[in-house]
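Report on one structure; see the data block that follows.
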Amino acid sequence: MKRSRESTVARVGVVGATGYSGALAARLLATHPSFELAFCTSDAAKGEGVASRLGVATDLAFAPNGDAAKLANEVDAVVLATPAEVSARLAPAMLDAGKVVVDLSGAFRLSEERHYATWYGFAHPSAALLDCAHYGLPELFGAPVRNEDGSALVANPGCYPTAALLAVTPLVRAGLVEPRGIIIDAKSGVTGAGRQAKEEYSFAEIDEDVRAYKLLSHQHTPEIARHLARAANRPEADVAITFTPHLIPVRRGILATCYARPRDGVTPRAIANCFAEAYGASAFVEVVAPEKATLAAVVGTNRARVGAVSNGDVVVIVAAIDNLLKGAAGQALQNLNLLFGIDETAGLAHLQRTAP
């Protein structure tokens, strides 16, 4: 059902709307009570009806990605579901035009221009914006705000960092664990790799297999370390993590098991109290026994489950999220809700997990 223009708070476009995250963002916007899905771009589907490809009620057709800058002039906000180097190129003009930009790539998540050549393989064309971007994990870093001209740039966190930071940040921020020597062992469904046609992502190669990849070289490593350092109010060099991602034969979901050393005298009760305080008022993060932090409990929703246990020598924290929702499109919508003064659960509260 098409809403009236009077009930629309903001018109939003999605650039790159046929990838997994972009398509889901478009679906969420198309059914949102206060947003209007104003355009979708995709070179792969240009000219096709959005309704037939995404299964939503709309008369829109996919525009080519090259039209994104022009189309952005007619909307209030843009979701960039594009590679990092493309987002870095598109965002500045949209911000100059007073638009809200929520970027699903890593283009604005790191602290320094030099990191992009190392971790993403390109020279950043808009490095001045790195200090202006709000890191959009509201439960830990607050709601994003708009500038005087109405613009805003949100660096939507990566899926792995969302799970890892929800797990570890409260303890680091409270000074309950050592900020060095943190281990993050995380496992992701296949959609975390994006919509790819490579042989290694085919069903026959993935089914009944588990593999580690990008050991000591994954681009989410500096992102996690940067924002843990922010939480601890320390230089990035003072935080040391080991992050190992794994691909598992499921479509969606991330399970992160994290290990940290408690500081002297830190009790299991202090650990439990820390998480209760951090997430007691959260709309989306549930504190549970670690065995209850499972993919089945969160996939299909914007919820995260976090649970911890400690024996005095080590703290083990488990976090579970849907990589395409809380790890991408759902969190993007959560940030848009906050930017436009809407309840952060709008358009997300109805989502249901896909397993009992």
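The values are calculated or read from the model by the stated rules, or taken from the named source; none is laboratory data. Note that the structure is predicted; figures quoted are calculated from it, not measured. Every residue, glycine as well, gets a Cβ built from its backbone with ideal geometry; the counts of neighbours run over all protein chains shown. Ligands, DNA and RNA are excluded from the accessible area calculation, which covers all protein heavy atoms including side chains. Shrake-Rupley method; radii C 1.70, N 1.55, O 1.52, S 1.80 Å.
Here E236 passes the criteria (1) in contact with a Phe, Trp or Tyr (Cβ under 9 Å, 6 or more places away or on another chain); (2) among the acidic types (D, E); (3) farther than 20 Å from K187 by Cα except the one numbered (1). Count of the stretch 130-166 residues, restricted to those that are part of a loop (DSSP other than H, G, I, E, B) and among the small types (G, A, S), is 7. When A88, A10 are checked against the criterion of being touching a His at 6+ places or on another chain (Cβ under 7 Å), at pLDDT 95 or above and either among the β-branched types (V, I, T) or more than 21 Å from K326 (Cβ to Cβ) (or both), a single residue qualifies: A88. The number of residues in the stretch 30-64 that are in a strand (DSSP E or B), surrounded by 14 or more Cβ atoms within 10 Å (Cβ to Cβ) and touching a strand residue (DSSP E or B) at 6+ places or on another chain (Cβ under 6 Å) comes to 8.
From the list G158, G136, G194, the one residue that fits, being in contact (Cβ under 8 Å) with a residue 40 or more places away in the chain and exposed (fewer than 14 other Cβ atoms within 10 Å of the Cβ), is G194.
Please indicate, with yes or no, whether at least one residue in the stretch 9-23 is open to solvent by 40 Å² or more (accessible area, probe 1.4 Å) and more than 30 Å from R226 (Cα to Cα). Taking every residue of the stretch 9-23 in turn, at least one turns out to be open to solvent by 40 Å² or more (accessible area, probe 1.4 Å) and more than 30 Å from R226 (Cα to Cα). The residues in the stretch 235-285 that are farther than 25 Å from L324 by Cα, assigned to a loop (DSSP other than H, G, I, E, B) and of a type in the set (K, R) can be counted, and the count is 2.
Is there a residue being closer than 30 Å to V190 by Cα, surrounded by fewer than 19 Cβ atoms within 10 Å (Cβ to Cβ) and out of contact with any helix residue (DSSP H, G or I) (no Cβ under 9 Å at 6 or more places or on another chain) anywhere in the stretch 245-268? Within the stretch 245-268, one or more residues are closer than 30 Å to V190 by Cα, surrounded by fewer than 19 Cβ atoms within 10 Å (Cβ to Cβ) and out of contact with any helix residue (DSSP H, G or I) (no Cβ under 9 Å at 6 or more places or on another chain). Quick check, is L333 closer than 23 Å to V210 by Cα, open to solvent by less than 10 Å² (accessible area, probe 1.4 Å), out of contact with any Phe, Trp or Tyr (no Cβ under 6 Å at 6 or more places or on another chain) and not in a strand (DSSP E or B)? No, not satisfied.
If you go through the stretch 112-129 one residue at a time, do you hit one that is under 22 Å from L333 (Cβ atoms) and in a loop (DSSP other than H, G, I, E, B)? For the stretch 112-129, residues under 22 Å from L333 (Cβ atoms) and in a loop (DSSP other than H, G, I, E, B): absent. Taking the stretch 291-327 as the search range and keeping residues that are assigned to a helix (DSSP H, G or I) and either open to solvent by less than 30 Å² (accessible area, probe 1.4 Å) or modelled with pLDDT under 95 (or both), which one is farthest from G158 (Cα to Cα)? Looking at residues that are assigned to a helix (DSSP H, G or I) and either open to solvent by less than 30 Å² (accessible area, probe 1.4 Å) or modelled with pLDDT under 95 (or both), I get A297.
When each of R211, R261, R226, R251 is tested for being more than 21 Å from T169 (Cα to Cα), out of contact with any Phe, Trp or Tyr (no Cβ under 8 Å at 6 or more places or on another chain) and in contact (Cβ under 8 Å) with a residue 60 or more places away in the chain, the lone residue that passes is R251. Report yes if A143 is in contact (Cβ under 8 Å) with a residue 40 or more places away in the chain, within 20 Å of G280 (Cβ to Cβ), within 18 Å of the chain's Cα centre (by Cα) and open to solvent by less than 10 Å² (accessible area, probe 1.4 Å), otherwise no. So A143 does not fit the description; no.
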